[in-house]
1. Which residue is nearest to the ligand (Cβ to nearest atom), if the candidates are limited to the stretch 18-56 and must be surrounded by fewer than 22 Cβ atoms within 10 Å (Cβ to Cβ) and basic (Lys, Arg)?
2. Is it the case that some residue within the stretch 247-258 is part of a helix (DSSP H, G or I) and not acidic (Asp, Glu)?
3. Conditions: (1) aliphatic (A, V, I, L, M); (2) in a loop (DSSP other than H, G, I, E, B); (3) within 17 Å of the chain's Cα centre (by Cα). Residue 194 meets all but one. Number of the miss?
4. Six or more apart or on different chains, Cβ atoms under 8 Å: show the pairs whose first residue is in the stretch 239-256 and farther than 15 Å from residue 127 by Cβ and whose second is surrounded by 20 or more Cβ atoms within 10 Å (Cβ to Cβ) and of a type in the set (Lys, Arg).
5. Which condition from (1) in a helix (DSSP H, G or I); (2) over 15 Å from the mean Cα position of the chain (by Cα) is the one that residue 68 breaks?
6. Which condition does residue 97 not pass, out of (1) crowded, with 20+ Cβ neighbours inside 10 Å; (2) under 16 Å from the mean Cα position of the chain (by Cα); (3) touching a residue at least 40 places away in the same chain (Cβ under 8 Å), if it passes all the others?
7. Being in a loop (DSSP other than H, G, I, E, B) and more than 16 Å from the chain's Cα centre (by Cα) is the filter here; which residues of the stretch 103-138 pass it?
8. Restricting the search to the stretch 1-17, which residues are in contact (Cβ under 8 Å) with a residue 12 or more places away in the chain, near the ligand (Cβ under 8 Å from one of its atoms) and either assigned to a strand (DSSP E or B) or not basic (Lys, Arg) (or both)?
Amino acid sequence: MLRKAIIPAAGIGTRMLPATKAVPKELIPVLDKPVIQYVVEEARAAGIRDILIVINKDKPAIRDHFRKKESLELFLEEKNKLETLENIRNINRGLQIEYAFQEEMNGLGDAIRYGRDFVGDEAFAVLLGDTILRSGNSDPVLGQLIEVFEEKQAAVVALEEVPGAIVHRYGVIDGRALTDRLFEINGLIEKPSVDDAPSNLAIASRYILTPDIFTALEKTSRGYNNEIQLTDAMSLLLQKQAIYGWRFEGQRFDVGNKLGFIKTNLLFGLEDPGLKEELKKWIREL
Ligand code: UTP
């Protein structure tokens, strides 16, 4: 049973500045909900109960979002806004959420290092706090990875096929297809050029890792962008143990860049029963 997850959410979010100067990137809304709340909901739906969110001292608003707010609850109760009250109460229902503070933004691998004590000796999930993954059915994408983990008892990453022209934005794997969706990974490379990329299978914001990653992270020197890369630590781990990739069923929405932010809000708006007709009409008239 996988119970724990780390959500790294300490990055500076330079691609969304100035919006992210005072508002953490992970609190940017998709319709009326911050992106990190979708991420937490995915984790909860997959059976995760304990979450460590890695933030930094300039991002206390993330903690405020998940904290109970008596005054707001009282206000909504008095105004008889009971549905909204229920939504607010649901934000952290059934979850134990803790926080760690990354001191210097030395990359995703460095952020994960802050989870060592929280994780202990259990396998755990990692979900990037700025990306929504939505599966084609009612099962969460993380649940697909957990199934692979339970069968293989080894680390698993979500994979997505991306066009060659944009492989340089991702961690990319070299792998052997075991089925249409399952890959045994032979190598990983962070943000390769199109010529160096061993495939167009990109790591897509979700991981299941074993605690061995912490030893690997200690041995990992700074890589791409002078940061400690999780991908590099996983390459070290690969020398000792198998790592699998799962080409997940569903869609990925990266809200941490302008185009992704607009597309995600537009699509979610077009799917929203209360918004879609007016939104479609407005788009036709543009
Ligand atoms: P990104 O690679 O998108 O980096 O991080 P970033 O700094 O947040 O954004 P840009 O590239 O400057 O626009 C992916 C996830 O990893 C977290 C981020 O918060 C985000 O959820 N992260 C990144 C950390 O927690 N710590 C870091 O040092 C870097």
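1. That would be 21.
2. yes
3. The failed condition is (3).
4. Close Cβ pairs (under 8 Å, with a partner that is surrounded by 20 or more Cβ atoms within 10 Å (Cβ to Cβ) and of a type in the set (Lys, Arg)) do not exist here.
5. With respect to (1) in a helix (DSSP H, G or I); (2) over 15 Å from the mean Cα position of the chain (by Cα), residue 68 is out only on (1).
6. (1) is the only condition that residue 97 fails.
7. 103, 104, 105, 106, 114, 120, 121, 122, 123, 136, 137, 138, listed by residue number.
8. Within the stretch 1-17, 7, 8, 9, 10, 11, 12, 13, 16 qualify.
Every number here is computed from the coordinates shown, using simple stated rules; none is lab data. Keep in mind the model is a prediction, meaning the values are calculated, not measured. With ideal geometry, Cβ positions are generated from the backbone for all residues, glycine too; neighbour counts draw on all protein chains shown.
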